[in-house]
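The structure appears below as C-alpha cells.
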Amino acid sequence: MSTALLNDPTAADTLPPGPSASRPRQTVRWIFRPGAMLEDCRRRYGDMFTLRIAHEGFWVFLAHPDMVKQVFTGDPRVLHAGEANVVLLPMLGHHSLLLLDEAAHMSQRKLMLPSFHGERMRGYEQVMAEVAREEIGRWPLGEAHPVRPAMQRITLEVIMRTVFGVQDEARRRPLREALTAAIEWGSDPRRMALLASLGPRRVAEARMFRRVRDPADELIYQEIRRRREAPDLAEREDVLSLLLQARHEDGSPMTDEELRDELMTLLTAGHDTTASSLAWAVERLVRHPDKLERLRDGDDEYLDAVCKETLRLRPILALVLRRLTEPMEIGGRVLPAGVNVAPCIYLVHRRPDVYPEPLAFRPERFLEQPAGTYTWIPFGGGVRRCLGASFALFEMKVVLRELVTRLALRPADPRPERITRRTITLVPDRGGTVVAERRAAA
Ligand code: HEM
C-alpha cells in the first residue's frame with residue numbers, strides 16, 4: 001500500500017462508496033462474516049465498493065464481469081499482483097511466481113507454463129488415482145468423518161509425487177513431515193498476526209521461523225541436487241525434472257534457489273486449495289443424492305460440471321488482488337494509484353443475471369452453457385491466472401471418481417455446512433463431515 005494514500009484523509013473521497021464503520025470494525029467483519037459483508041455491500045453500494053482492511057489500505061471490490069475483464073486484460077505494469085502477496089515472502093522466497101511482477105513474472109511464468117499444460121495432466125492420472133485409492137481405503141466406515149484433512153493428505157501426497165517427483169517412500173516420509181510442519185506453522189492465525197506486526201522480511205530471518213522452514217529447505221535442496229544428476233532426467237515427467245531442463249530466454253537454467261522457491265509456491269498454492277475444493281464438492285454432493293447418483297454413471301462431462309459448479313458456488317478464494325501503480329479507469333471511474341482492486345470471485349459467481357437461481361447447486365448449468373472467461377473465475381484470470389488450474393480440475397475429477405465408485409456417502413448432519421474462514425480460504429465449517437459405507441456393488 002502506498003503509505004501516502006493510506007494516510008491521506010481525502011483519499012476515501014475519491015474512491016467508490018463503502019461502509020463508514022472504522023477500519024478495525026470492517027476488518028473484524030471481513031474476517032468473521034466475509035460472505036454476508038460482501039452481499040450487504042453489493043446491495044447497498046452496487047458493483048463497485050470500497051472496504052478498509054487493517055494493514056491493507058483500500059480494497060475496491062469489483063462485482064461486474066465487464067470490470068473484471070478490464071482488470072484481467074489490463075496492463076500488468078499498472079496492475080501488480082506480486083506486491084500484494086508480500087506476506088507470503090518468508091515461506092515462498094523472492095523468486096516465487098506469486099511474488100513477482102512485470103517482466104520478472106512473465107519470464108518465470110513462461111518457464112513454468114509448459115509443465116502445467118492440460119495435455120500433461122493425463123500423465124499424472126495413475127498416480128493421482130493410486131494416492132486417492134490408498135487414502136480412501138483407510139477411511140472409517142459407518143461413523144462421522146471430516147473429509148477435508150483426508151483430502152489434504154491426498155493433495156499433499158500428489159504434489160510430492162507429481163511436482164517434486166519423489167518416488168521413494170523412504171525419502172518422501174521426512175519430506176512430508178518437514179513440509180507439513182512448515183505449512184502448519186504458516187497457517188496458524190496467531191502467526192498471521194505476528195507476520196502483520198513484524199513485517200514479512202523480519203519474519204523471514206526470525207529464528208523461530210527458520211527452525212521450521214530450514215529442515216524443509218534442506219530436504220528440498222537435496223532433492224534438487226540429486227535430480228540434477230539423475231541419469232534418466234530427460235525421460236522423467238515430474239514438474240521438478242521439467243523445470244530443471246527449462247531455460248531462461250538467455251539460455252541459462254533455473255538456479256537452485258529459483259527451483260526451491262517455485263516448488264514451495266506450487267505446494268502452498270496447490271494443495272490446501274484443491275483439498276478444500278474437494279471437501280466442498282463432497283459437502284454439496286451428499287446433500288444432493290440425485291446428483292451424487294448421476295456421477296456414478298461415469299459420465300466425464302457431468303463430473304467436470306460438478307467440479308465447475310462446486311468452484312462457482314463455493315469458491316475457496318473470495319477475490320484476487322491487483323495493486324494499481326498508476327491511476328486507472330475502471331467501470332467509468334478513475335481509481336488512484338496505490339489502491340488494491342479486487343475482482344470479486346464470490347459476488348460475480350452469485351450474479352442472478354449470469355447464473356439463474358444462483359444459490360442452487362446445479363451442475364447441469366455447465367452442460368447448458370460453457371464457463372465464461374469473466375463470469376467463472378475461481379482461478380482468477382489474465383497473465384496471473386492460476387498456473388495449476390488444469391492440474392486442480394483434473395485432480396478433483398480423479399479423486400471424486402475414485403471416491404464415488406468405492407463408497408456410499410451421506411451427510412453426518414443434514415444441515416448444510418456454513419462457509420468459514422481458514423486463513424485466507426473459505427472452507428466448510430465442519431470440514432465436510434460425512435458417513436461413508438462400502439458400496440454394495442463395489
Ligand atoms: C481448486 C484449486 C485451486 C484454486 C481454486 C486456485 C486458485 C488460484 C487463484 C484465484 C490464483 C490467483 C489468480 C489471479 O490472481 O488472477 C491462483 C494462482 C496460482 N495458482 Fe492456483 N488454485 C488452485 C490450485 C492450484 C494448483 C494445484 C497449483 C499448482 C500445482 C496452483 C498454482 C498456482 C500458482 C503458481 C499461481 C500464481 C500464478 C501467477 O501469479 O502467475 N494452484 N490460484
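The values are calculated or read from the model by the stated rules, or taken from the named source; none is laboratory data. Please read all numbers here as calculations on a predicted model, not as lab measurements. All Cβ positions, glycine included, derive from the backbone under ideal geometry; neighbour counts span all protein chains shown. Each accessible area value is taken on the protein alone, full model and side chains, heavy atoms only, with ligands, DNA and RNA left out. Shrake-Rupley method; radii C 1.70, N 1.55, O 1.52, S 1.80 Å.
Counting Lys and Arg as +1 and Asp and Glu as -1, each charge on the Cβ, what is the dipole of the chain about the Cα centre in debye, to the nearest 20?
For this selection, approximately 1320 debye.
Send over a whole-number figure in Å² for the accessible area per residue of the range 66-136, probe 1.4 Å.
On a per-residue basis, the range 66-136 sits at 46 Å².
Can you find, among L240, L292, L156, the residue sitting farthest towards the positive end of the charge dipole of the chain, where Lys and Arg contribute +1 and Asp and Glu -1 at Cβ?
L292
So how exposed is D101, as accessible area in Å² (1.4 Å probe, rounded to 10)?
Ignoring ligands and nucleic acids, D101 comes out at about 30 Å².
How big is the charge dipole of the range 243-374 about its Cα centre, in debye rounded to the nearest 20, if each Lys and Arg gets +1 on its Cβ and each Asp and Glu gets -1 on its Cβ?
720 debye
When the Kirkwood hydrodynamic radius is evaluated over all pairs of different C-alpha atoms of the range 230-375, what value in angstrom, to one decimal, is obtained?
19.0 Å
Rounded to the nearest 500, what is the 222 nm mean residue ellipticity of the chain from helices alone, with -39500 (n - 2.57) per DSSP H run of 4+ residues and division by all residues?
That calculation yields -15500 deg cm²/dmol at 222 nm.
Tally Lys/Arg at +1 and Asp/Glu at -1 over every other residue whose Cβ is under 15 Å from the Cβ of M67; what's the total?
Local net charge: +1.
Among the complete DSSP H segments of the chain, which ones combine at least 30 Å of alpha-carbon extent along their axis with a mean Kyte-Doolittle hydropathy of -1.0 or more?
256-286
How about the range 231-291: which GluC sites (Glu not before Pro) there are in a DSSP loop, with at most 10 other Cβ atoms within 10 Å of their Cβ?
Here the GluC sites (Glu not before Pro) that fit, given the DSSP loop and packing criteria, are E249.
In debye, nearest 20: dipole of the range 325-384 around its Cα centre with unit charges on the Cβ of K, R (+) and D, E (-)?
120 debye
Could you give the length gained by full extension between R173 and D299, i.e. 0.36 nm per residue of separation minus their alpha carbon distance, to one decimal place?
Length difference between fully extended and current span is 41.8 nm.
Taking +1 at the Cβ of each Lys and Arg and -1 at the Cβ of each Asp and Glu, which of G388, L111, M91 sits farthest along the dipole of the chain towards its positive end, judged by Cα position relative to the Cα centre?
Of G388, L111, M91, it is M91.
When a/c reaches 1.5 or more, the comparison of a/b and b/c decides; with that in mind, is the range 46-126 rounded, prolate or oblate per its Cα gyration tensor?
The shape class here is prolate.
Based on the alpha-carbon gyration tensor of the chain and its eigenvalue square roots a ≥ b ≥ c, which shape applies: rounded if a/c is under 1.5, prolate if not and a/b is larger than b/c, or oblate?
Taking the square roots of the gyration eigenvalues as a ≥ b ≥ c, the chain is oblate.
Taking the chain, how many lysine pairs are there with alpha carbons less than 26 Å apart, if each pair must be eight or more places apart or span two chains?
The result is 5.
Can you bin the range 251-331 into rounded, prolate or oblate? Criterion: square roots of the alpha carbon gyration tensor eigenvalues sorted a ≥ b ≥ c, rounded for a/c under 1.5, prolate for a/b above b/c, oblate for the rest.
oblate
Please give, to one decimal in nm, the separation of the simple spin-label points placed at W139 and A337, each 7 Å out from Cα toward the Cβ.
5.3 nm
Roll a 1.4 Å probe over the protein chains and send me the accessible area per residue for the range 304-442 in Å².
Per residue, the range 304-442 has an accessible area of 39 Å².
Which whole-number percent gives the relative contact order of the chain, counting Cα pairs below 8 Å spaced six or more residues apart?
25 percent
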